[in-house]
1. Taking the options THR242, THR238, THR267, name whichever one is within 16 Å of the ligand (Cβ to nearest atom) and assigned to a helix (DSSP H, G or I).
2. Out of all the residues in region 64-75, is one or more within 16 Å of the ligand (Cβ to nearest atom), in contact with a Gly (Cβ under 9 Å, 6 or more places away or on another chain) and closer than 28 Å to GLU221 by Cβ?
3. When you scan region 312-323, do you find a residue that is under 30 Å from GLY376 (Cα atoms) and within 14 Å of the ligand (Cβ to nearest atom), even just one?
4. State yes or no: is LEU222 among the hydrophobic types (A, V, I, L, M, F, W, C), more than 16 Å from LEU167 (Cα to Cα) and surrounded by fewer than 22 Cβ atoms within 10 Å (Cβ to Cβ)?
5. Over 22 Å from the mean Cα position of the chain (by Cα), outside any helix (DSSP H, G or I) and under 26 Å from LEU201 (Cα atoms), is that true of ASN275?
Amino acid sequence: MRINSAYTNLPPAFFFSRLTETVSRYAADHPDRRLLRLGVGDVAGPLAPAVIEALQRAVEEQSRTETFHGYQPETGTDFLKAAVAAYYRQRNVHLSPDEIFISSGAADDLGALGNLFSAAARVLVAEPAYPAYTDVSRMAGRTILHLTANRENSCLPLPTSDTDADLVYLCSPNNPTGAAYTASQLLQWIDWANARQAVILFDAAYEAFVRDADVPHSIFELPGAETCAIEISSLSKTAGFTGMRLGYTVVPDALVRDGCSLRGMWTQDRTTRTNGVSYVLQRAGEAALSPEGLRFSRERIAGYQENGRILSEALEKAGVWFVGGRNAPYLWLPCPDGRSGWDFFERLLETAQIVVTPGEGFGKGGEGHVRLSCFGSREDTEEAAGRLLTFFQNGVS
Ligand code: PLP
């Protein structure tokens, strides 16, 4: 038997179990203390009324022979592709239906897109990063090159004349740092990729959180991206679909490598490996992208953005350096006194009853940092901001 031994090179999956166990133990030992959870990367419900109505209508259709829907096109229905295309048109990005691929979420496609490239393709990951980029590259046995996002580059690393790779994962707005590339910074990556015939895998899962005019929602807002980038996005954070599972990937027609259309290859990949996403879910996605659905999501996101402002203000007042909290639902800060992320996580839990995420869960460059999330309630966030300020003002050790 010959297994894929690359799986044995993966880091052990203990990170979230250690985090959950530590928090559960603390909560059980201190039932009188109110824990404030700034560690969550998940949204709070409920879904938009327009989405619920669309789901109910679609389920009803499935109950009658005359309106029943069986298999759907593997790369997505015409109606959802049209809704995604209209969403992109708001940013002046014009896509043909063939360039849009409906998925079960960004994570699925981030993993599967590697199928298009040879095992010899060298992968550059700007880290700290969403762990899937390095893990799927390891599973495929690829060489991984690391680029560190840190205080010196404001967590937005840029290519230099020495930067060399075939594929690069970029995530903007970023998880975990919350930093977001401006158009002129992203153009540097586009020029770099086009000059080297590299491909950018652009993770836009948090695009709906962008507020600054000079920060693109989509890499395709920028000239030259259509010949070097694939964009992976999702309704998870845009419309609270984390438990629904629906996303979309854009592979432009103009993206050609070694004489092959990557759009054509991805169509072949999808029609071979998947049978598409359910009709009911795609109707829900269409409703999420309708004017009513988007209005609802914008209000929900405005609440998370307000949480970002509250936490940012507290850290500014405390004189703590951080990034994020403006164009993304995360803030990222170095731990005081050179502590590890785990050490600081425990200290914040014990002293202020605040749960954060240790940076060690996000690969190289994550060590010695923590991530704060804006997905909590307004009330908890205000309370946490107050406790953080007191914590930092009282000195940390
Ligand atoms: N990309 C990033 C940067 C994420 O943070 C996440 C989820 O947290 C995903 C992708 C996965 O998104 P989805 O729920 O669409 O699979």
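Laboratory data are not the source of any read-out in this text; all were calculated from the coordinates shown. Source: prediction; values computed, not measured. FYI the Cβ positions are ideal-geometry reconstructions off the backbone, even for glycines, and counts take in every protein chain you see.
1. On the way: THR242 fails: assigned to a helix (DSSP H, G or I); THR267 fails: within 16 Å of the ligand (Cβ to nearest atom).
From the options THR242, THR238, THR267, the qualifying one is THR238.
2. If we filter region 64-75 for residues that are within 16 Å of the ligand (Cβ to nearest atom), which is where we start, we get none.
Looking through region 64-75, none of the residues is within 16 Å of the ligand (Cβ to nearest atom), in contact with a Gly (Cβ under 9 Å, 6 or more places away or on another chain) and closer than 28 Å to GLU221 by Cβ.
3. Going through region 312-323, the residues under 30 Å from GLY376 (Cα atoms) turn out to be 312-323.
Those still in the list that are within 14 Å of the ligand (Cβ to nearest atom) too: none.
No, because not a single residue in region 312-323 is under 30 Å from GLY376 (Cα atoms) and within 14 Å of the ligand (Cβ to nearest atom).
4. On the way: among the hydrophobic types (A, V, I, L, M, F, W, C): yes; more than 16 Å from LEU167 (Cα to Cα): yes; surrounded by fewer than 22 Cβ atoms within 10 Å (Cβ to Cβ): yes.
For LEU222, the condition - among the hydrophobic types (A, V, I, L, M, F, W, C), more than 16 Å from LEU167 (Cα to Cα) and surrounded by fewer than 22 Cβ atoms within 10 Å (Cβ to Cβ) - is met.
5. Values: over 22 Å from the mean Cα position of the chain (by Cα): yes; outside any helix (DSSP H, G or I): yes; under 26 Å from LEU201 (Cα atoms): yes.
Spelling it out, ASN275 is indeed over 22 Å from the mean Cα position of the chain (by Cα), outside any helix (DSSP H, G or I) and under 26 Å from LEU201 (Cα atoms).
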